[in-house]
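Participant: Have a look at the structure that comes next, please.
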Amino acid sequence: MLDDEVDARLRREARRTGTTVSALVREAIERTYGPEARPRRALAFIGVGDSGLGDASERIDDLLLGDLVEEQRLAGDSGTLAS
């Protein structure tokens, strides 16, 4: 029923932790599907990089230029961007 490698890893973990394969499987099922399990979002990565600026996509050039100017200021650079 299980892939040989998965079965071997389960058995090693059961020996290491002093429990049974059945107990490990029950715990994994409970964590994944039990009442305390969090529902998984299909696209869980969405919003990870949320800037908090609702118009960031419209102002990307200004935002990037502002970052470059600030970098130059901190570095003491007198390049042409900061004019």
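No value in this document is a laboratory result; all are computed from the given coordinates. What you see is a predicted model, and the numbers here were worked out from it, not measured in a lab. So basically every Cβ, Gly included, is an ideal-geometry build from the backbone, and we count neighbours across all protein chains shown.
Participant: If I stretch the segment between Arg9 and Leu63 completely, what's the gain in nm (0.36 nm per residue apart, minus their alpha carbon distance), one decimal?
Facilitator: Here the segment from Arg9 to Leu63 would lengthen by 14.5 nm.
Participant: Turning to a different aspect of this structure: Once you list every other residue whose beta carbon is under 13 Å from the beta carbon of Val6, what net charge do they have if Lys and Arg are +1 and Asp and Glu are -1?
Facilitator: Within the 13 Å Cβ shell, the charges total -2.
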